[in-house]
Amino acid sequence: MFDTPGPRVFGLAPGVDFPKALVQGLRARVQGPPEAIARVELYVNTTRMARRLREIFDAGPASLLPQVRLITDLTDPFTRAQLPAKVPPLRRRLELTGLVSRLLEAQPDLAPRSSLFDLSDSLATLMEEMQSEGVSPETVSDLDITDQSGHWQRALSFFNIVQHYFSGDEAPDPNAYTRMAMELRLKAWAENPPQHPILVAGSTGSRGTSHEFMKAVSQLPQGAVILPGFDPDMPDNVWDQLTNALTGEDHPQFRFARLMQDLDLRPAEVRPWTDAKPPNPARNQLFSLALRPAPVTHQWLSEGPSLPDLPEATADLTLIEAPSQREEALAIALRLRQAAQDGTRAALITPDRMLTRQVTAALDRWNILPDDSAGTPAQLSPPGRLLRHVAALFDQPLTAEALLTLLKHPLTHMGADRNAHNINTRDLELHIRRKGMPYPAADLLRAWGAANKRETWADWVATQFCDQETEGKRPLPHWLDRHIALAEAITAGSTSDDPKELWNREAGRAVQKIVSNLREEAGFGTDMSARDYADLFGAILSQGEVRNPDTPHPHILIWGTMEARVMGADLLILAGLNEGSWPEMPGADPWLNRKMRFDAGLLLPERRIGLSAHDFQQAAAAPEVWLTRSVKSDDAETVPSRWINRMMNLMRGLPDRHGPEALKAMQQRGQRWLSYVDAAETPIKAEPEPRPSPAPPTEARPHSLSVTEIKRLVRDPYAIYAKHVLRLRPLDPLMQAPDALMRGILLHSVLEEFVKETVSDQAQLTPEAFIAKAREIIDNPDNVPFPTSRALWLSRMQRIAQWFTDTEAQRQSAAYPAKFEVRGEAQIPSLGFTLRGTADRIDIDQRGGAHIYDYKTGDAPTKKQQETFDKQLLLEAAMVTRGAFKDIDPRHVERALFIALNPRNPQEVSAPLEETPPDAVWEEFVLLITRYMQAERGYTARRALMTDNAAADYDHLSRFGEWDVTDLPQREDLK
């Protein structure tokens, strides 16, 4: 194949279809019988590259295939026989987790326990990098750490526990195994150089092992390296600047410069593999100049004027600067939809997985499913979510929210009778919402099942979900066996023992493979708590992916940044071009700073940026390119990617090459698509609904209300219509928070029981007895399952204890407590209407006068509010005078009081009985009900709320917001 001495390094310019040109050049060079091409060994960088090469060969003409291998797999049968078996990556991580766990237990000041898995992963990554780059532990230990001894001593504590992994006695990690295989291969080649062609194609040599392998292959008798995206437009002096890793590693061509330096090659000696030209050489020159390393950007001034005419060079380049990430995703989705309609092969390239999900969701409205190379993370798949929820049962008390989340999961109870399970789940949820069960217990669930004749199902729920919380440490195999057994039982259900649905379909099989792998290696794990196990399982699950089982669209693709080298698309959309996204900022290294890494011979943090820059330069040279970014993300301003910034700054500074006009044209093309987004998002114009005032027939109107609802009838009649005519009730929260309603119920219980005891024993009328009664009722987990709220409410009662006992003594001296929580009814016979009410307390004095008390946990209504809107006590007084309460026949109402228990200002607030006597109040009430019994009277929404911005339960039903409180209500006669 080659008749010139090595080293042989070839290149293909950015934008050239690398796999296609690789095959063309290979066919042109391989001469001889048909089997000659089968003797070629071809090492490529990714599985996708290998698949694309196979597709090109399959397209014809007919021929045998070369031996295509991955550069990460350098073993053959002979080499494998000489090497020890490598350790699975999961086993090594489990071993490291155990070592780090024991170290943190022995020295808890080294790091918090919550960082256990992050430290283990980071340490494993550092070990892999040291093995790949051929850096020994001694090299790291001998680093100069004069100015950072404190941090270095902590880091050494972790290094010391992994030293033995670098000795020859330990089974090698995958990276160490690959390096050992490479060294054996190179040794064999040195003794007996292979005479058949061996090529490395598509790799940048970013890892030490691949870099060494590429150097060796390039010098074989028939070996060569073919570089992807090699920039032929850079002058030699710029190439020379790239050899300094501290200043040039973030440049897209840095890896190539280092390879040429090690092989003693000049850029001109890197020959083209074929004569294939990039789609737009002028655009390549623009990006080559824009991406020059920072120390030589002054060359913009000298080389910029010699660039081709920029409007022509950027004719197929579109720049979108969307106001938000949502609009960026919609613009991309619209362009991909157009590509699908036109039959154009288009690929979205971005490292931002959230953006790709948004684009995928937007495409779904047109039934377009893109071919996403990354798939779905396993922890987000249905079986992955179920397993993570089940693992959380071991660590946290069962809440109503967690229980319903699991019961409603699509894989729960799939063994049999799923429909019955769904009905039972619905009814249980309604019961929990109505009665309150923030922390479901087994006895409560079984009691509900017995009351509703669903004993079998309720017993299954209680058995599988309750009392799973486990304290202490257990071996990893114990946790895993228990975890999977419980998940399978939940999947099977109450009437089946078949858990196959958990492992069915593509997602189930992928997750089962991860679980099986963990089961095989679990013996190498350490004892851990339930929290540690849940964290470990989630971390392992997150490393897997699930391919979409549906057939994706053949022309709409989503790629990772590295896959830009595979090319093969007519349109490339480079999205998420903001700093921190693309390029992604290097993560914090807890072990070595930048200089220490350089001194040790490890990779610098900028390596990732340099690789991203190479992927960007390669993708930006495609036939048609979109560059997109969002100006804002989560309501914060974003910073454009450095590559976008450089391109725009360079173009603005080249008016002679019409750079500003070209940039404006790029932005205008992007703005046109953003206008399509605005059009697509503009809702269909509809007339706003008027302020409702429904008038139902008289017979459909409520004929009974409670005294507390009269205030609502006056302020928001629509709420009475929705509740009593439409019979709609606000759905209670699943997790009933310790709100004002719960607090009020409990405080009423405290006051009622305390007053009853003091009536029979006046010696109990003391602040100490009051606090003891409050503690007995409130400080009870069965009554208040929220420790913080118990403490706060007890403190509240302690602050009012003295005031309440002092004023209670005065109240009992004035009248005798006769009734507590007494129910009553008063009729309006002419209207067939009943007023219902429950008085907190009614005392009777020696003259037969009634003293009506109502407890308020907050502030009481003012006198003016009681006269106009809040007539609760006044109506109760009117009911008392009409004998509405059984076993109470007072001569008159002596007084009515609100007892306001606000700890900041406890007070008694009297009802204005003199200004509005009970008989007058009753007459007004009868007149109010009479009017609402008239067919033409409507129930107006938000008639007179306390404030215009006050929330009402039925605002969404009345479509408040389409109308305003200043709008006149529109009556609607209902039949």
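The values are calculated or read from the model by the stated rules, or taken from the named source; none is laboratory data. Keep in mind that what you see is a predicted model, and the values were worked out from it rather than measured. Please note: Cβ atoms are built from the backbone with ideal geometry, for glycine as well, and neighbour counts cover all protein chains shown.
Here are some residues: Phe10, Phe78, Phe57, Phe2. Which one is closer than 23 Å to Gln253 by Cα, among the aromatic types (Phe, Trp, Tyr) and surrounded by fewer than 21 Cβ atoms within 10 Å (Cβ to Cβ)? Before you say what the answer is, go through the steps one by one.
Details: Phe78 fails: closer than 23 Å to Gln253 by Cα; Phe57 fails: closer than 23 Å to Gln253 by Cα; Phe2 fails: closer than 23 Å to Gln253 by Cα.
Phe10 is the lone residue from the list that is closer than 23 Å to Gln253 by Cα, among the aromatic types (Phe, Trp, Tyr) and surrounded by fewer than 21 Cβ atoms within 10 Å (Cβ to Cβ).
Looking only at region 594-610, residues that are at positive phi and in a helix (DSSP H, G or I) come to 0 in all. The listed residues are Arg937, Arg942, and the only one of them that is assigned to a loop (DSSP other than H, G, I, E, B) and at positive phi turns out to be Arg942. Residues in region 883-910 that are crowded, with 16+ Cβ neighbours inside 10 Å and closer than 15 Å to Val822 by Cβ: Ala884, Phe885, Ile888, Pro890, Val893, Ala896. Looking only at region 33-74, count every residue that is assigned to a loop (DSSP other than H, G, I, E, B) and without any contact (Cβ under 8 Å) to a residue 12 or more places away in the chain and tell me the total. Within region 33-74, residues that are assigned to a loop (DSSP other than H, G, I, E, B) and without any contact (Cβ under 8 Å) to a residue 12 or more places away in the chain number 5. Being more than 16 Å from Glu429 (Cα to Cα) and free of Cβ contacts under 8 Å to residues at least 24 places away in the same chain is the filter here, so list the residues in region 460-480 that pass it. Answer for region 460-480, where residues must be more than 16 Å from Glu429 (Cα to Cα) and free of Cβ contacts under 8 Å to residues at least 24 places away in the same chain: Thr463, His478.
Of all residues in region 673-700, exactly one satisfies the criterion of being at pLDDT below 95, farther than 30 Å from Arg629 by Cα and polar (S, T, N, Q), namely Thr698. Flag not set for Thr495, criterion: over 22 Å from Thr405 (Cα atoms), assigned to a loop (DSSP other than H, G, I, E, B) and not acidic (Asp, Glu).
Of all residues in region 309-336, those that are within 19 Å of Glu579 (Cβ to Cβ), part of a strand (DSSP E or B) and not small (Gly, Ala, Ser) total 4. Scanning region 180-205 for residues that are surrounded by fewer than 18 Cβ atoms within 10 Å (Cβ to Cβ), under 26 Å from Phe18 (Cα atoms) and in contact with a helix residue (DSSP H, G or I) (Cβ under 7 Å, 6 or more places away or on another chain) turns up just one, His196.
Report yes if Ser529 is touching a strand residue (DSSP E or B) at 6+ places or on another chain (Cβ under 9 Å) and not assigned by TED's automatic domain parsing to the domain that holds Asn422, otherwise no. It is false that Ser529 is touching a strand residue (DSSP E or B) at 6+ places or on another chain (Cβ under 9 Å) and not assigned by TED's automatic domain parsing to the domain that holds Asn422.
Of Ser795, Ser789, which residue is part of a helix (DSSP H, G or I), more than 30 Å from Met879 (Cα to Cα) and in contact with a Lys or Arg (Cβ under 9 Å, 6 or more places away or on another chain)? Break it down into steps so the answer makes sense when it comes.
Numbers: Ser795 fails: in contact with a Lys or Arg (Cβ under 9 Å, 6 or more places away or on another chain).
None of the other options fit; the residue is Ser789.
The single residue among Ala313, Ala322, Ala290 that is touching a residue at least 60 places away in the same chain (Cβ under 8 Å) and touching an Asp or Glu at 6+ places or on another chain (Cβ under 6 Å) turns out to be Ala322. Within region 365-404, the set of residues being closer than 17 Å to Glu501 by Cα and part of a loop (DSSP other than H, G, I, E, B) comprises just one member, Ser381.
For every residue, the table says whether it meets (1) of a type outside the set (Phe, Trp, Tyr); (2) modelled with pLDDT of 85 or more; (3) in contact with a Cys (Cβ under 6 Å, 6 or more places away or on another chain); (4) farther than 15 Å from Trp591 by Cα.
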| residue | (1), (2), (3), (4) |
| --- | --- |
| Asp76 | yes, no, no, yes |
| Leu116 | yes, no, no, no |
| Leu119 | yes, no, no, no |
| Phe158 | no, no, no, no |
| Thr178 | yes, yes, no, yes |
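I'm trying to understand the selection: among the residues of region 405-431, which are within 14 Å of Gln464 (Cβ to Cβ), part of a helix (DSSP H, G or I) and among the aliphatic types (A, V, I, L, M)? Answer for region 405-431, where residues must be within 14 Å of Gln464 (Cβ to Cβ), part of a helix (DSSP H, G or I) and among the aliphatic types (A, V, I, L, M): Leu406, Leu407, Leu428.
Scanning region 254-284 for residues that are of a type in the set (S, T, N, Q), surrounded by fewer than 21 Cβ atoms within 10 Å (Cβ to Cβ) and either over 24 Å from Phe2 (Cα atoms) or without any contact (Cβ under 8 Å) to a residue 24 or more places away in the chain (or both) returns a single hit, Gln261.
Could you check region 560-577 and list, in sequence order, the residues that are surrounded by 24 or more Cβ atoms within 10 Å (Cβ to Cβ) and within 22 Å of the chain's Cα centre (by Cα)? If the condition is that a residue be surrounded by 24 or more Cβ atoms within 10 Å (Cβ to Cβ) and within 22 Å of the chain's Cα centre (by Cα), then Ala575, Gly576, Leu577 are the ones that fit.
Modelled with pLDDT of 95 or more, under 30 Å from Lys86 (Cα atoms) and either among the polar types (S, T, N, Q) or not assigned by TED's automatic domain parsing to the domain that holds Leu104 (or both): does that describe Ile490? Criteria not met by Ile490.
Is it the case, given these coordinates, that Lys756 is more than 27 Å from Asp948 (Cβ to Cβ) and in a helix (DSSP H, G or I)? Talk me through it step by step, then tell me what you get.
Details: more than 27 Å from Asp948 (Cβ to Cβ): yes; in a helix (DSSP H, G or I): yes.
Taking the combined requirement at face value, the residue satisfies it.
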